[in-house]
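Participant: Right, I'll just put the structure down here and ask away after.
Throughout, read-outs are computed from the coordinates displayed, never taken from laboratory work. Predicted, not measured: the structure shown is a model, and the values here were computed from it. Here the Cβ is made from the backbone with ideal geometry for all residues, glycine too, and neighbour counts use every protein chain on show.
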Amino acid sequence: MNNRVLRAGAGGGMATALVALGLLAAPASATPTASADLNLFVAGNTVVKNAAIKQFRVRLSNAGPDAAQGIRVTIDASKIKQDVLAFGLPAGPDCVADGPTRVTCGLGELADGGNLTDFPALFATTPKKQGDAGSFKVTVTSATTDPDTSNNSQTVQVQAAPAGYDLAAVAYDVHADPVARTPIAPGGTGELDWALYNQGSRAVRGIRFEIALPYWVTFAEKRTGCTYDDENNTAVCTRPNRTVRPGEVLQLAKPIKVKVAANAPGPMTLTGGRVVGYGLGDLAEEAENRTAAEDDTTVRKADAKVRKRLESDPSDNVASFSVFAAASSIDLAITSTPAEGAVGETVEVGFTMDNNGPATGSPFVTVKAPSGTLALRPATGEYPTCRTASGSIEFVEAPELRCSFESEFRPGTQFKFSLRFRVVSAPVGSNGSIAVGNGLPSPESKPENNTAAISITLSDGGEGGGLPVTGVQAGLIGGVGVAVVAAGGVMFLMARRRRVVLVTPADERSTD
């Protein structure tokens with residue numbers, strides 16, 4: 001078993017997961033109020049000349065911690081310059097118009113960690129002239145309390161641009177069953193479905209797309225024309241001969257299969273998935289280049305700067321998605337080693353923490369010092385990182401601590417650490433304990449081994465009482481006291497012949 005296999009950092013995905021879930025468990029509320037932090041982004045800001053149709057899509061994500069119910073989106077297009085741009089607003093049974101330029105639509109609910117990328121907030125066709133086309137505003141609300149409404153609205157400044165291609169990406173969250181929206185079991189697979197629309201007025205020749213999977217998710221299959229990183233969760237794919245004309249949609253013939261790691265925690269929404277697509281060249285310009293190639297000129301692929309110039313609106317080339325993982329249990333266990341020390345001394349108690357799996361954990365411990373002792377703050381740079389029960393990190397010692405490891409604790413691994421306690425008085429109680437918890441949502445399968453006693457024995461066997469005395473002087477006084485009791489009546493007889501005064505060692509002298 002490895003001693004220190006708590007992997008610090010564990011990559012950006014792991015860090016994001018810990019931030020989202022909270023490293024330490026908060027005290028349970030008697031009547032918790034559901035909350036969901038919705039984050040709105042409107043993709044797209046440009047309409048090109050001769051475009052058949054341009055959709056400005058809502059990108060909506062839910063940072064949780066609960067599902068957002070009763071989501072409503074309001075679009076206000078009253079500031080669009082209608083002498084520049086002809087536009088339309090969404091309609092349907094879930095939409096209620098408030099005049100010709102304002103509409104509110106119901107979007108239902110969005111799970112914690114879920115994404116919505118394909119709702120069109122506004123439709124536009126070829127602009128009547130180029131330049132500033134005005135703006136429109138999108139606002140989202142929900143029946144669930146939103147703790148941060150600063151990210152619930154956006155005003156989009158629209159530009160009318162010359163002819164060109166305009167690719168826009170759409171992606172969908174991954175489930176075991178996309179219709180029933182069932183989560184994927186640990187070690188199981190799901191299908192990533194995404195699309196790339198050409199909303200411009202010119203065809204694009206050659207497509208390059210990149211897919212980044214969330215942490216704990218890898219590709220379950222390899223595709224030709226793609227390269228994969230060492231972790232097998234990022235792919236870069238090129239289809240150099242693929243042509244996507246205006247109004248067409250690029251999709252893979254079969255969705256890409258992805259796999260949730262067997263040791264992934266759950267139930268949990270694995271966030272951070274991303275798809276980005278862009279063109280390698282404008283088909284019309286490519287034809288011009290090929291004609292020119294018949295003379296003494298050469299033909300080369302467009303570099304990144306040229307691709308950026310050819311893409312009319314790169315703001316909607318990226319789409320996010322999440323992978324929903326099913327429940328996976330965990331068995332965290334902790335044991336302690338007894339310690340011994342005298343009043344006034346600092347003792348070190350050792351602990352061993354095991355993850356018996358099958359899920360990965362993010363452990364934290366709650367420490368209750370035995371009565372008669374205080375737990376000391378670990379030195380800077382040492383594991384674990386501790387706070388007092390009230391949450392303070394600025395302390396020297398405290399009766400109760402909450403300690404975290406800020407690391408990934410893989411199944412089948414073990415971690416040893418120690419904490420220091422100062423013995424302040426006797427007797428030392430038998431009520432000390434340490435309990436391990438999990439910052440990730442996997443259910444605990446054996447809660448009976450989550451707690452261990454903290455046992456500290458007094459080395460001098462003292463029973464305590466009165467004011468605590470510390471340091472070397474306490475030991476000397478205790479030794480003299482034992483001698484006096486043993487001598488008994490002999491000391492009494494000696495006292496009749498000679499008066500003895502017992503003083504502290506710092507001023508140790510006798511007088512006749």
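Participant: Go from 0 up to the bin containing the longest alpha carbon distance in the range 34-327, width 5 Å each, and give me the % of pairs per bin.
Facilitator: Calculated P(r), rounded to whole percents: 1, 5, 11, 14, 15, 15, 14, 11, 7, 3, 2, 1, 0, 0.
Participant: Running Debye on the range 88-178 with equal point scatterers at the Cα sites and no solvent, what base-10 log of I(q)/I(0) appears at q = 0.15, 0.20 Å⁻¹?
Facilitator: -0.83, -1.27
Participant: Would you order VAL170, VAL249, VAL179, VAL276 from fewest to most other beta-carbon atoms within 10 Å of each residue's own beta-carbon?
Facilitator: With the fewest neighbours first, VAL170, VAL249, VAL179, VAL276 line up as VAL179, VAL249, VAL276, VAL170.
Participant: Next up: Restricting attention to the alpha-carbon atoms of the range 332-458, what are Rg (one decimal) and Dmax (integer), both in Å?
Facilitator: Radius of gyration, then largest Cα-Cα span, for the range 332-458: 14.4, 43 Å.
Participant: Related question: Around VAL423, with a cut-off of 13 angstrom between Cβ atoms, what is the net charge of the other residues, counting Lys and Arg +1 and Asp and Glu -1?
Facilitator: Result for the local shell: -3.
Participant: If you place +1 on the Cβ of every Lys and Arg, -1 on the Cβ of every Asp and Glu, and leave all else neutral, what size is the dipole of the range 332-458 about its Cα centre, to the nearest 20 Debye?
Facilitator: My answer is approximately 80 debye.
Participant: Beyond 31 Å between alpha-carbons counts as too far, so tell me which of LYS49/LYS137; LYS137/LYS259; LYS416/LYS446; LYS49/LYS79; LYS368/LYS446; LYS49/LYS257 fall in that bin.
Facilitator: Violating the 31 Å limit, Cα to Cα: LYS137/LYS259; LYS49/LYS257.
Participant: What is the sum of charges around THR33, taking Lys and Arg as +1, Asp and Glu as -1, for the other residues whose C-beta is under 14 Å from the C-beta of THR33?
Facilitator: Neighbour charge sum, excluding THR33 itself: -3.
Participant: What percent does the relative contact order of the range 173-283 come to when contacts are Cα pairs within less than 8 Å and at least six residues apart?
Facilitator: 41 percent
Participant: Among SER455, SER430, which comes first, then next, by fewest other beta-carbon atoms within 10 Å?
Facilitator: SER430, SER455
Participant: Only four residue types carry charge here, +1 at the Cβ of Lys and Arg and -1 at the Cβ of Asp and Glu. Report the dipole size of the range 131-239 about the Cα centre in Debye, rounded to the nearest 20.
Facilitator: It works out to roughly 500 debye.
Participant: Something else about it: If you add up the charges near VAL347, with Lys and Arg at +1 and Asp and Glu at -1, over every other residue whose beta carbon is less than 9 angstrom from its beta carbon, what do you get?
Facilitator: -1
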